[in-house]
Amino acid sequence: AYRAMCAQGLLVVLCGLAGAAARVPLVGYRAPLGTAYRAPRQSISAAAVGTVAESRAASPPPLTSTVIVGGGPAGLATAIMLAKHGWTDIHLIDRLAPPPAPDDTAIWSETARFYLLGLGGRGQLSLRSLGVWDDVAQYTTQVLGRRDWSPGGDPDGVERIFTDRKFATEVIARDRLVGALHRVVSTRYAHAVTLHYGCACADVEWDASGQAATLHLDVRPVAAPRSAAGGPVGGAEAHEGKPVRTSVRTGLVIGADGTATQVAMAIAADSSDFQIIRYEVINATVPTPLPPPKMNKKQ
């Protein structure tokens, strides 16, 4: 009764952001064809809160339209795309705290300390199609080449300079990209998307009817940067050290938090047509010394 949803538009966004291949998999659950999987817009309220035992034994919590698990580039881009197409009642959950502001120079001044992404032609076109390229481009650095390493090759690598490409690669710290997309969602699509941080998906339970799923979430207190939006799902209050369990029922759940996602594992456990494949990393690892942190005069 369940199947993975791989909508063409979502895959275009993911493949574009990842470059040559989609590095962040998108998996989802939807009801069989012909069944409604969207509900009228409503906030996830205190009525949706309950323990795992309560949600399984008592009547199910109210249905919310869409839940996106994972607040990285893929999850935020998916939320933006759905909102642009008129979807509402979209809830995005992430186990971490909200990302820092993309223009916080105190954080982003030392590029070497962050995981960097290279946005090529597909990535730039995908972000343009979402209407967010200008929001991202102001934080990127253009590069005309790269250095490649291969097993058994030159330890210094091989430098490649490209002068005949239609798109020059734009480099940005992965978390800074997240911050830029987070700002877009918070300022332009707050009417359609609600962001929930400090909220981890612990389990996914499919309805016997095949028309919905219940997500069991662990909510913890998190720091809230200036640009943060949203709060704990279900109105549950998180307590120091111990997560609060809450449950949310939805007609569409999208897993955008990597291959170790509870959503993907839940689909794989219930469907022989869905498999999680992990590939061995064979790229050579070259240690790079980090520059010392900048110290002020008093330090």
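The values are calculated or read from the model by the stated rules, or taken from the named source; none is laboratory data. Since this is a predicted model, take the numbers as computed values, not measurements. Cβ: placed from backbone, ideal geometry, glycine included. Neighbour counts: every protein chain shown. Ligands, DNA and RNA are excluded from the accessible area calculation, which covers all protein heavy atoms including side chains. Shrake-Rupley method; radii C 1.70, N 1.55, O 1.52, S 1.80 Å.
Summary table
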{"read-out": "Rough spin-label spacing in nm, given labels placed 7 Å along Cα→Cβ, for Ile276 and Asp164", "value": "4.4"}
{"read-out": "Karplus 3J(HN,Hα) series, Hz, for the range 89-106 with 6.51 cos²θ - 1.76 cosθ + 1.60 (x for Gly, Pro)", "value": "6, 9, 10, 10, 10, 8, 6, 8, 6, x, x, x, 4, x, 9, 7, 5, 5"}
{"read-out": "Potential extension, Ser129-Ser109 segment - 0.36 nm per residue separation minus Cα distance", "value": "4.3 nm"}
{"read-out": "Relative packing of peptides 268-280, 94-106 - highest average C-beta neighbours within 10 Å first", "value": "94-106, 268-280"}
{"read-out": "Amide H contacts under 5 Å for Leu117, placed H, 5+ residues apart", "value": "Ile172, Ala173, Arg174"}
{"read-out": "For the range 263-273, 3J(HN,Hα) per residue [Karplus equation, 6.51 cos²θ - 1.76 cosθ + 1.60, θ = phi - 60°, Hz, x = Gly/Pro]", "value": "5, 4, 5, 5, 5, 4, 6, 10, 9, 6, 7"}
{"read-out": "Net charge dipole size for the range 75-196 [Lys, Arg +1 and Asp, Glu -1 on Cβ; Debye, nearest 20]", "value": "340"}
{"read-out": "Accessible surface, the range 174-222, averaged per residue in Å² (probe 1.4 Å)", "value": "34"}
{"read-out": "Derived scalar couplings ³J(HN,Hα) [the range 141-158; Karplus, 6.51 cos²θ - 1.76 cosθ + 1.60; whole Hz; x for Gly, Pro]", "value": "10, 7, 10, 10, x, 7, 10, 10, 10, 9, x, x, x, 4, x, 7, x, 10"}
